[in-house]
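Inspection log for the structure reproduced underneath, given as structure tokens.
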Amino acid sequence: MERGKGGEVKLHLKHIASLPSTNAHLMELLDSSDIEEGTVVWVDEQTQGKGLQDNTWESEIGKNLTFSIALHPSFLEPSSQFQLSKMISLALIDFLQQKYPSDLWKIKWPNDIYFDKRKIAGILIENKIIGNEYDTAIVGVGLNINQKEFFSSAPNPVSLIQVSGKEYDLQESIQELFTCIAIRYSQLQKQPALIDDDYLKNLLQFQTWAKYKYLHTEIKGCITGVDMYGYLQIETSNNKYLSCDLKEIKYLWE
């Protein structure tokens, strides 16, 4: 099978009632067979879902979109894998803008999706590199759709129904979101500069002065960009320039 060489990626949807982890399930399938690009495992319940830094993800059974998708982006160098994170983030923004147009939809670096500083979606990407080739990316997504109340210790969750006041058909929603992913995936192959530009345009607090905690020190800084490896670039108020990974920087309003 030709992998990641261009052309339209097609949806191969597998709906399962409950799994510990959709990412882990796809990884198991990958170890035992060749997975078609565009394979999506979508569940009503994920019992051991996690996000970045092993954060847990609360999702009421049958109310939200919790799924993983397999992609074969061998057109990317392994060192450029953060481009895939940008692409998925933008696809989620595209989908949400279709449902409820607003300037408040933003990407909180590196790939959380926010509405007015409240988190609606998280992304976890696990990669398989073979030699010097980017073989497979398993992209896990949790997107709050129809959940009206949240009970976990997460400080700022929000759902689409809370924002818009409307309930959504999940089957239609996952198909519409996949279309957004397919469009952005094609752009990533053919127009990568567009992905870079749109990511910054939608990045929360881009070119805005704000307070952060860098390591153990409170700073005032301005996000100036994100490098090719995904490190956040910040100019500080005392004219220093920082290149931050996820464990080093915290938004102080969180």
Notebook entry, point to check: Limited to segment 216-254, what total is found for residues that are modelled with pLDDT of 95 or more, closer than 22 Å to PHE82 by Cβ and among the hydrophobic types (A, V, I, L, M, F, W, C)?
Noted result: 8
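Find the strands (runs of 3 or more DSSP E) located wholly in segment 73-133 whose residues include 3 or more that are out of contact with any Phe, Trp or Tyr (no Cβ under 8 Å at 6 or more places or on another chain), and list them. So that I can check it myself, show each step before the final result.
Values: elements: 105-108, 112-115, 118-130.
Filter on segment 73-133 gives 118-130.
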Next item on the list: Restricting attention to helices (runs of 4 or more DSSP H) lying wholly within segment 147-242, give those where 1 or more residues are surrounded by fewer than 16 Cβ atoms within 10 Å (Cβ to Cβ) and among the charged types (D, E, K, R).
Entry: 170-190, 192-201
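The values are calculated or read from the model by the stated rules, or taken from the named source; none is laboratory data. What you are looking at is a predicted structure, and each value in this text was computed from that prediction instead of being measured. Ideal geometry is used to build each Cβ from the backbone, glycine not excepted, and the neighbour counts take in all protein chains shown.
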